Amino acid sequence: MKFFKNNSVISAEGKDFYKSLFNVVGPIAVQNLISAAVSSTDVIMLSFVGQTAIAAASLAGNIQFILIMIATGLSSGLVMLCAQYWGKKDVESIRILHGIALRISLFFGIVVTIMAFFCPSFLMKIFTNEEQLIEAGSRYIKIVSLSYLCFSISQIFQGGLKSIERVKIVSTITVTAFCVNVFLNAVFIFGLFGAPKIGIAGVALATTVSRFVELVFTVIYSYMQKDVKIKLSNLLKFRRILTCDFLRYSMPAVGNELVWGAAFTMYSVIMGHLGEDIVAANSVVGVLRNLGTVLCFGMAYGGAIVLGKIMGSGQMELAQRNAVRLIKTTVLAGILGSILMYALHPVLPLLADLTPQAQHYSDVLLIINCFSIIGAAINTVLICGIFRAGGDSKFGFIMDVVMMWGVSVPIGLISAFVLKLPPLWVYFILYLDEFEKMPVIIIHYFKKKWLKNITR
């Protein structure tokens, strides 16, 4: 494919692109790394409580995962439009779009918080039928539900800051919240400073407090901006044509993230009914997968900001050339992430005290994920980076509906509950989804329908 042709000399234009890209991607990668580290820390800390706590927290985390998908979709839609308006230097439109995204995110945050607080057992029963997991997970969900509203607000504020290239402070805030989370995890799990040892409930409480700290710092810094005031009063700003634009471009992105996230949640539902061992093994391997995808996912989402700004300024040919550069860089990051993930294989036994069966599962799951993240890197940079930079969010939505819900999930259900295949085979079948949709995504890239200026 021509976008993989080698250029021995990087042009001045290329150097400018890579400089802009890494100025944005660096902080985003750090933020992704910290987010991954939060999950990793929870797994490591919970290993002192037991395998059941690890599996229960992993399944309970699917509730927040759904909210993360909604907030990510809304934030992606916000970045999609605001990055182009930032290239056009239309500050008022950025404020109005922020208010629109904030209203929608608040609605979902309130709904999920209420459901999680009042019906935790019902939600856990969706993911597993094992009573000990339901009981432990319910305690976790009830406490951590209080963090969902904080998260739904802070993610939109952070999306607004990223779209105007204020990414370093977002990373700084994320690091601060992570430090609070780790400290409080240790306090409530080990009973430091006279605090009670409350196990999985302590992890939930630590998460809730850290989310509140993150929200406070994010809002304070957003108010300090001089050129683009990103603040809560933007909730009251309204313009019909921009609302229509936001819904037109962001709702498919939200749908895409939800469809993808719901499918991954369904994968957890399937594995949750295959036993505690496969769930615990997947939780531990997920720690390394998160580390392996930090850079390539940062490339994809950071690239959307850089390319969107270029398209908003009307430089379409430059945007096309830089899209090729973004693909090459992201694929390389995916390969390096895969190598790093496999190199960390000796660390697996140290992350948690697993049963021999769970340990065997984790060894095989690691190899499957090493190949899977390369496919994920290619698909993510095209769908979430390049396509969304030009407002083409519908294609990714359609692809995941067809390939994940039309192919992967049904085949996974049949494999697990009709054919009753071993857990490892079911897992392998589920994680083929990245390679099933890749050819169609690459064909769509070459059609160049994504190359658009979507500003008014």
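Less than 12 Å Cβ to Cβ from F264, Lys/Arg counted +1 and Asp/Glu -1: what total charge do the surrounding residues give? Show your work: numbers first, answer last.
Working: positive: R289; negative: E257, D400, D433, E434.
Combined, the nearby Lys, Arg, Asp and Glu give -3.
Calculate the dipole size of the chain relative to its Cα centre from +1 charges on Lys and Arg beta carbons and -1 charges on Asp and Glu beta carbons; express the result in debye to the nearest 20.
Numbers: 37 positive and 23 negative charges, 418 e Å.
Dipole size: approximately 2000 debye.
With an 8 Å cut-off on Cα pairs and a minimum separation of 6 or more residues, tell me the relative contact order of the chain in percent. Present the calculation step by step, with values, prior to reporting the outcome.
Values: 738 pairs, mean separation 107.8, N = 456.
Answer for the chain is 24 percent.
In sequence order, what are the phi-derived ³J(HN,Hα) couplings for the range 125-130 according to the Karplus relation 6.51 cos²θ - 1.76 cosθ + 1.60 with θ = phi - 60°, rounded to whole Hz, with x for glycine and proline?
Listing the rounded values in order: 5, 5, 9, 7, 10, 8 Hz.
Run the dipole for the range 240-387 about the Cα centre, Lys and Arg Cβ at +1, Asp and Glu Cβ at -1, nothing else charged, and hand back the magnitude in debye, nearest 20. Mind dumping the intermediate values first?
On the way: 7 positive and 7 negative charges, 150 e Å.
That gives the range 240-387 a dipole magnitude of about 720 debye.
Taking the Cα atoms only, what angle lies between the long axis of helix 240-272 and the longest principal axis of the chain, rounded to 10 degrees?
30 degrees
Pull out a ≥ b ≥ c, the square roots of the eigenvalues of the alpha-carbon gyration tensor of the range 306-396, then state rounded if a/c is under 1.5, prolate if not and a/b is larger than b/c, and oblate in the remaining case. List each step's numbers first, then the result.
Details: a/c = 4.01, a/b = 2.95, b/c = 1.36.
It is prolate, given that a/c is not under 1.5 and a/b is the larger ratio.
Across 10 Å bins from the origin, how do the percents of Cα pairs in the range 356-413 run, short distances first?
20, 34, 32, 12, 2
Residue by residue, what Karplus-based ³J(HN,Hα) values in Hz, rounded to whole numbers, does the range 307-314 have, using 6.51, -1.76 and 1.60 with θ = phi - 60° and x for Gly and Pro?
5, x, 4, 5, 5, x, 8, x
Ordered by residue, what ³J(HN,Hα) values in Hz, to whole numbers, does the range 208-215 give under the Karplus form 6.51 cos²θ - 1.76 cosθ + 1.60, where θ = phi - 60° and Gly and Pro are x?
Per residue, the Karplus-derived 3J(HN,Hα) values read 5, 5, 5, 5, 5, 4, 4, 4 Hz.
Round to a whole number: what % of the accessible area of the range 369-410 belongs to carbon and sulfur, probe 1.4 Å?
Details: 930 of 1100 Å².
Here carbon and sulfur together make up 84 percent of the probe-accessible area.
Can you tell me how much longer the chain between I443 and N129 gets when fully stretched, taken as 0.36 nm per residue apart minus their C-alpha distance, in nm with one decimal? Each step should come with its number before you reach the end.
Working: separation 314, 0.36 × 314 = 113.04 nm, distance 4.24 nm.
Here the answer is 108.8 nm.
Could you tell me the center-to-center distance, by alpha carbons, between the range 316-353 and the range 228-268 in angstrom?
Computed from Cα coordinates, the inter-centre distance equals 27 Å.
What value, in deg cm²/dmol to 500, does the helix sum -39500 (n - 2.57) over DSSP H runs of n ≥ 4 give at 222 nm once divided by the residues of the chain?
Numbers: 17 runs with 352 residues, N = 456.
About -26500 deg cm²/dmol.
How long are the three semi-axes of the equivalent ellipsoid of the range 165-246, in whole Å, if each is the root of 5 times an eigenvalue of the C-alpha gyration tensor, listed from largest down? Working shown, then result.
Details: eigenvalues 256, 43, 19 Å².
One finds semi-axes of 36, 15, 10 Å for the range 165-246.
With the full set of protein chains in place, find how many percent of the accessible area of the range 225-268 is carbon and sulfur; take the probe as 1.4 Å.
Working: 1330 of 2020 Å².
Solvent-exposed carbon and sulfur of the range 225-268 make up 66 percent of the total.
Positive end of the charge dipole of the range 246-328 (Lys, Arg +1 and Asp, Glu -1 on Cβ, about the Cα centre): tell me which of G272, N322, T293 has its Cα farthest that way.
N322
Only loop residues by DSSP count here, and only those with at most 15 other Cβ atoms within 10 Å; note down the trypsin sites (Lys or Arg not before Pro) in the range 53-106 that meet that. Intermediate values should be presented prior to the final figure.
Values: sites: K88, K89, R95, R103; in loops: K89.
Within the range 53-106, the qualifying trypsin sites (Lys or Arg not before Pro) (loop, at most 15 other Cβ atoms within 10 Å) are K89.
Given H placed 1.01 Å from N in the peptide plane, which residues other than close sequence neighbours of I230 have an amide H under 5 Å from its amide H?
When sequence neighbours closer than 5 places are left aside, the close amide H contacts are Q225.
Compute the long axis of helix 167-190 from its Cα atoms, compare it with the longest principal axis of the Cα atoms of the chain, and write down the angle in degrees, 0 to 90, nearest 10.
Compared with the principal axis, the helix lies near 10 degrees.
Charges on Cβ only, +1 for Lys and Arg, -1 for Asp and Glu, centred on the Cα centroid of the chain; of A352, A304, A71, which one is farthest towards the dipole's positive end?
Farthest along the dipole direction, towards plus: A304.
Report, largest value first, the span of the C-alpha coordinates of the range 225-368 along each principal axis, in whole Å.
For the range 225-368, the Cα extents along the three principal axes come out at 58, 35, 28 Å.
Counting only protein heavy atoms and a 1.4 Å probe, tell me what percentage of the range 139-208's accessible area is made up of carbon and sulfur. Don't skip to the answer; put the middle values down first.
Numbers: 1740 of 2390 Å².
It is 73 percent, rounded to a whole number.
Return the label of the correct value of volume of the Cα convex hull per residue in Å³, as calculated from the structure shown, out of (1) 136; (2) 187; (3) 147.
(1)
For the Cα atoms of the chain, what angle does the longest principal axis make with the long axis of helix 316-343, in degrees from 0 to 90, nearest 10?
The angle comes out near 20 degrees.
Over the chain, average the accessible area per residue using a 1.4 Å probe and give it in Å², no decimals. Working shown, then result.
Numbers: 18150 Å² over 456 residues.
Accessible area per residue, the chain: 40 Å².
Please report, in debye to the nearest 20, how large the charge dipole of the range 370-456 is about its Cα centre when each Lys and Arg carries +1 at its beta carbon and each Asp and Glu carries -1 there. Working shown, then result.
Details: 9 positive and 5 negative charges, 99 e Å.
Roughly 480 debye, rounded to the nearest 20.
Pairs of alpha-carbon atoms within less than 8 angstrom and 6+ residues apart define the contacts here; what relative contact order does the range 181-292 have, in percent?
Values: 44 pairs, mean separation 12.5, N = 112.
About 11 percent, as a whole number.
The values are calculated or read from the model by the stated rules, or taken from the named source; none is laboratory data. Everything numeric here is computed off the predicted structure, so don't read it as measured data. Because the Cβ atoms are built from the backbone with ideal geometry, glycine has one as well, and the counts that use them run over all protein chains shown. Please note that ligands, DNA and RNA were not included when accessible areas were found on the heavy atoms of the full protein model with its side chains. Shrake-Rupley method; radii C 1.70, N 1.55, O 1.52, S 1.80 Å.
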